[in-house]
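What follows is a short report on a single structure.
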Amino acid sequence: MVTLKELNPRERGVVVGWAEGAPPTRLLEMGVMTGTEIEVVKLAPFGDPIEIELRGYRLSLRKREAEQIEIERLGSTHE
Amino acid sequence: MSEPAQVLEGAATQTPQRQRLVALAGNPNVGKTTVFNRLTRLHHKVGNYPGVTVERKSGFVADCDGVPIEIVDVPGTYSLNPRSLDEEVAYRVLIGAIEGSRPPDLVVCLVDASNLERNLYLASQVLDLGRPTVIALNMVDAADGAGIEVDANMLSEELGVPVVPLVASRGDGIEALRAAISGPLPIPVRRRWQLDAAVEREVNDLARRLEHDLPALSAQQRFSDALRALTQRGADFFEVHHTPGFWTQVRAVRAQLENEGVSSEQAEVVGRYDWITPLAARVSRRVSQPGPTASDKIDRLLTHRVAGPILFFVILALVFQSVFTWAAPFMDAIDNATVAAGDWLGASLPEGPVRDLLVDGVVAGVGSVVIFLPQILILFFFLGLLEDTGYMARAAFIMDRIMKRVGLSGRSVVPLVSGFACAIPGIMAARTIENQRDRLVTIMVTPLMTCSARLPVYALLIAAFIPAGHAFGFLSYQGLTLLALYLLGVVFAVAAAWLLKRFVVQGNQSVFVMELPPYRMPRLRDVVWRMLERGRLFLRRAGTIIFAAAVVLWFLATYPQVEPSVAIETRHAELSELQASASDARVREEIAAQLAQIEDERAGYALSQSAMGKMGRFLEPAITPLGYDWKIGVALVASLAAREVAVGALGTIYSVQDADETSMSLIDRMRADVDPDTGRPTWTPLVAASLMVFFVFACQCLATVAVVKRETDSWRWALFLFGYMSALAWGAAFVTYQGGRLLGLT
C-alpha cells in the first residue's frame, strides 16, 4: 500500500483509507473516498500540487493532502 | 405538511398575484452565468447580500403570458454544507433564510453532463431541501465530445424531477428551460439515498426532538436540519435555530457514534455518493473511447514543466502591458474632459465659493474617481477571459508552490500581480479566492505592489535627485532606482503576507483542493457583461466614498481663507496696470506670463494658510525625523486621497504653473529651495530617497481604503490597512533617512 503522493503520473490506484484521522470533508465532497479510483495526471511545473483525475473530472491538490490518502495501485495507463 | 400552508399564508399577506421566485443553483464552472444571462437577456441587477460580501445577482424572465418571474443567482458551490461564506449564502438563499427574502418557489439546479457524478452531489442536497426542483443538464455537447451520452429521460425518472437538457453556450434548450420555469411547479421528491443505519437511527431520533422543539418545521426540513447538525462540525451557524437541549443531544450522539467507530461526518457524503455513483452509471453510456481531448493537448503546453511558467509570465506581461497602454489614452481623455468641464463650469458660473466648490471639489473629485475606470475595465476584461477559458485555475496550479511559501495559495497570484497596475481591481479580483483567510491576507498586501499612481511621484523625484549616469556603462542609476522601488514593494508584500497570516488574520488552515475545469471557448458577451458589472460596482460603492473625501480635501485646502499677502497683491496690481498701458503685444504677453506666475504664488500662499497648510506645519515634528519640511507635509496630506496628487500639490506650493512630472521648473525650484532657518537645502537625494520609500509603503489612496471597506464589509480592516501601511511607511522612511545620515550621506 502507498499514498497518493507516491503515485507517478499516469499511474492509477484506488483509495483504501486515510493515513491519519478523518478525511477532510472538502475532499470527501469532491468525491475522494474509500473505493474511489484515481489517476495521477501530472505534477505542477514546480513539483506541487498534483493533478488527478477521478469520477471523470480533474482536480488538483497539494502533496500534503495527497500524503494522507492511502492507495492501492491498479497499474498505469500508457498512451 | 406545514410547508405549503406557510407558503399560502405568505401569499395572502403579500400582493394577491405573487411574482414567482426562481433560484438558479449549481457547481462552479458549469456555465451558470451563461444560463442566467441567456434566461434574463441581461435584464438584471447586482448587489450584495445583507451583511456579507457575497454578490447577489437577480434578474427577470417573462413567462408564457409575459408575467415577469424573478430569477436569483445562487453562488456557485460544490456543496450546501456551510463551510465557506459562499456555501452559507447558497444554503440560506435556498431555504429563504436571507434577511428580507423568502424561499424560492422553484429551484433550478444546473448539472454538468460531462461531470455527472460530482454535480449530482450538490443536486442531491438541493433535492433534499424539499422544494420544487428542475434539473438543467448543461454541456451535453461536452459530454458528447468526451464520448459519453447522458439519457435525460432516464435521469429524470431516477431523480423524480424534470430534467431539461441544455447547451447553454449555443442557446440550445433555453426555451425549454424557460417553459419549465414558468409552467406548473413540479412536486418535491422524498430522499432516495440511504444513510449508514446507525446514523440514520440517530438522525431520526434528533428529528423527532425537533418536532417537539420547533413544530413549525416540515418533516423534510426537520430531517435535513438534524442531519446537518449531526454531520457538520462547523454547524454552529445553525445553533441559533435550535434549543440548547437539542445541541446537548447532538454532542452526546456524536460522541456515542465515535465510540462505535462510525464517522457521522463521512456518513452523509458517503451515503449520497453510494446512491449517485451507480445512478450515474445507469443513465450515462460510453459511446466511444476518447483519446486525449483538445483540452489535454492545450494543457500539455500551458502547464508544461518549462513552458508553463514562462507562458504564465508572458501572458501576465501581455495583459498588464495592454492595461497600461490601452488605458492611457482613455485616462488622458478623462483628465482632459475633467479639465474642460471645470473650465466650462468656471466660465459659466459667477465667481465665488460655490463655483470653486463645484470646479475644484466636485468636478475634480468625480474626475479622480472616473480616472480609474479604464484600467479597471480593461483588467477585468482580461481576467474574465482567463477565468472563462479555464486558464485562471492553471495559473493557480502553476504558482501554488511558490505562493505556499508565504502562506498564500496559487489563487492569490493574479490579484497580487494586478496590483502592479492598480490595487483596486486587484483587491476586487481577490473574490476568486475561496478561503476567507487567504482572501483577506491577499487584500491586505495587494496595495504594497507598486501601482501606476506611484509612478508620477517616482518620476518627479528620480528626475530631480537621482543622477543620470550609468553603472557599468549600461545600467542607468535612474532605472535601477525605479527597479529597487518595485522590488521593495514586492519583498515587503511577501513579508507582510507571512506576518499577517501568522499573527493577525485568524481562520482555518485551508485545504488546497481546486477543480481544473476543461479549457473552454469563452462567451464574449458574458465577459464584457461582467467587466461592465465590475465597473459599475466600483463607481457606485467606492465612488461615493472617494467623491466625499475629495470634497473634504478641497475644503481643507481652501479654508480658512486669509487676507491676501500684501507683497503679492501689490506686485499683481502693478503688473496689471503695466499690462493695461503696454501697447506692444510682445510686452503684454511677457507681463501676462509674469502675472500667471504671481497668481500661482497667490494660490501657494492661500494653500499655506489653509487648514491643509496648517496640518502640514502641525505634522512637521512628526516628519522632521524623515527629513521632510512642512511643504512636503502638505504634499503628504494632500495626497491622502490619491498619490499622484502629491506632484500637483508640490507644484502648487512651489507655485509653478502646470506642474506635470517632467516640468523642469518645478524640479529647479525644489533643488533651489533652502531652509530659511539653517540655510541648508530642503531637498537632498537622501530626502528624495526617504520620500520615495515613504510612497512605496504609504496607503495614500482613499479609493483603496474604500474598496477594502466594501470588499471586507468592515471599516476595521480598511482602517487596519491604512494604519499598518502608514506605520510601515513612516518606519521605513525613518530608517532610510537616519540610516543614510549615519552613513554620512546628505
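The values are calculated or read from the model by the stated rules, or taken from the named source; none is laboratory data. Note that the coordinates shown come from a computational prediction; the quantities given were computed from them, not determined experimentally. Positions of Cβ are backbone-derived with ideal geometry, glycine not excepted, and every protein chain shown enters the neighbour counts.
Scanning segment B:314-342 for residues that are buried (at least 18 other Cβ atoms within 10 Å of the Cβ) and at pLDDT 85 or above yields one hit, B:ILE334. Selection within segment B:583-612: residues that are outside any helix (DSSP H, G or I) and of a type in the set (S, T, N, Q). The member of this set that is nearest to the chain's Cα centre (by Cα) is B:SER610. When residues in segment B:21-63 are screened for being among the aliphatic types (A, V, I, L, M), modelled with pLDDT of 85 or more and under 23 Å from B:THR432 (Cβ atoms), 5 of them pass. Please specify each residue of segment B:60-91 satisfying the condition of being buried (at least 20 other Cβ atoms within 10 Å of the Cβ), away from chain A (no Cβ under 14 Å), within 28 Å of the chain's Cα centre (by Cα) and outside any loop (DSSP other than H, G, I, E, B). Listed by number, the residues that qualify are B:ILE71, B:VAL72, B:ASP73, B:GLU88, B:VAL89.
Yes or no: B:ALA347 modelled with pLDDT of 80 or more and outside any loop (DSSP other than H, G, I, E, B)? Here the answer is yes, as B:ALA347 does meet what is asked. Look at (1) touching a residue at least 40 places away in the same chain (Cβ under 8 Å); (2) away from every other protein chain (no Cβ under 11 Å) and you find that B:MET399 fails only one, number (2). Among the residues of segment A:20-41, those identified as at the interface with chain B (Cβ under 7 Å from one of its Cβ atoms) and either aliphatic (A, V, I, L, M) or part of a strand (DSSP E or B) (or both) are A:ALA22, A:LEU27, A:LEU28, A:MET30, A:MET33. Checked against the criterion of being under 17 Å from B:GLY426 (Cβ atoms) and among the basic types (Lys, Arg), the candidates B:ARG741, B:ARG710, B:ARG716 yield just one match: B:ARG710. If you filter segment B:114-142 down to residues that are facing chain A (nearest Cβ under 10 Å) and in contact with a Gly (Cβ under 9 Å, 6 or more places away or on another chain), you find that the one that is surrounded by the most Cβ atoms within 10 Å (Cβ to Cβ) is B:ASN119. Consider B:VAL354 carefully, then state whether it is modelled with pLDDT under 85, buried (at least 16 other Cβ atoms within 10 Å of the Cβ) and among the hydrophobic types (A, V, I, L, M, F, W, C). No, not satisfied. Somewhere in segment B:192-213, is a residue surrounded by fewer than 22 Cβ atoms within 10 Å (Cβ to Cβ), under 27 Å from B:ILE69 (Cα atoms) and not assigned by TED's automatic domain parsing to the domain that holds B:GLN249? Within segment B:192-213, not a single residue is surrounded by fewer than 22 Cβ atoms within 10 Å (Cβ to Cβ), under 27 Å from B:ILE69 (Cα atoms) and not assigned by TED's automatic domain parsing to the domain that holds B:GLN249. Restricting segment B:293-344 to residues that are among the hydroxyl-bearing types (Ser, Thr, Tyr) and part of a loop (DSSP other than H, G, I, E, B) leaves a set whose member that is nearest to the chain's Cα centre (by Cα) is B:THR303.
All conditions but one from (1) away from chain B (no Cβ under 11 Å); (2) not in a loop (DSSP other than H, G, I, E, B); (3) not basic (Lys, Arg) apply to A:ILE52; the one that does not is (1). Residues of segment A:41-53 that are surrounded by fewer than 22 Cβ atoms within 10 Å (Cβ to Cβ) and closer than 16 Å to B:ASP296 by Cβ: A:VAL41, A:LYS42, A:LEU43, A:GLU51, A:GLU53.
The residue of segment B:664-708 that is nearest to the chain's Cα centre (by Cα), among those that are buried (at least 17 other Cβ atoms within 10 Å of the Cβ) and part of a loop (DSSP other than H, G, I, E, B), is B:CYS699.
Any chance segment B:57-64 includes a residue that's over 29 Å from B:ARG285 (Cβ atoms), free of Cβ contacts under 8 Å to residues at least 24 places away in the same chain and of a type in the set (Ser, Thr, Tyr)? Yes, there is a match, as at least one residue in segment B:57-64 is over 29 Å from B:ARG285 (Cβ atoms), free of Cβ contacts under 8 Å to residues at least 24 places away in the same chain and of a type in the set (Ser, Thr, Tyr). Within segment B:118-139, does at least one residue satisfy the condition of being free of Cβ contacts under 8 Å to residues at least 12 places away in the same chain and of a type outside the set (Asp, Glu)? No, segment B:118-139 contains no residue that is free of Cβ contacts under 8 Å to residues at least 12 places away in the same chain and of a type outside the set (Asp, Glu).
Within segment B:311-334, identify whether any single residue is farther than 30 Å from A:ARG26 by Cβ, among the acidic types (Asp, Glu), in contact with a helix residue (DSSP H, G or I) (Cβ under 9 Å, 6 or more places away or on another chain) and more than 12 Å from chain A (Cβ to nearest Cβ), and answer yes or no. Checked segment B:311-334: no residue is farther than 30 Å from A:ARG26 by Cβ, among the acidic types (Asp, Glu), in contact with a helix residue (DSSP H, G or I) (Cβ under 9 Å, 6 or more places away or on another chain) and more than 12 Å from chain A (Cβ to nearest Cβ). The condition (being closer than 29 Å to B:VAL306 by Cα and more than 7 Å from every other protein chain (Cβ to nearest Cβ)) is satisfied by just one residue among A:ARG62, A:ARG58, A:ARG10: A:ARG10.
In segment B:575-603, the residues that are closer than 27 Å to B:VAL562 by Cβ form Cβ pairs under 6 Å with partners that are β-branched (Val, Ile, Thr) and in a helix (DSSP H, G or I), at six or more places apart or across chains, as follows: B:LEU575/B:ILE591; B:LEU578/B:ILE591; B:GLN579/B:ILE591; B:GLU601/B:ILE568; B:ARG602/B:ILE568; B:ALA603/B:THR652. Scanning segment B:491-534 for residues that are surrounded by fewer than 18 Cβ atoms within 10 Å (Cβ to Cβ), small (Gly, Ala, Ser) and either at pLDDT below 85 or within 24 Å of B:THR77 (Cβ to Cβ) (or both) returns a single hit, B:GLY507. When B:SER348 is tested against (1) of a type in the set (Ser, Thr, Tyr); (2) under 32 Å from the mean Cα position of the chain (by Cα); (3) farther than 18 Å from B:ALA550 by Cβ, exactly one condition is not met: (2).
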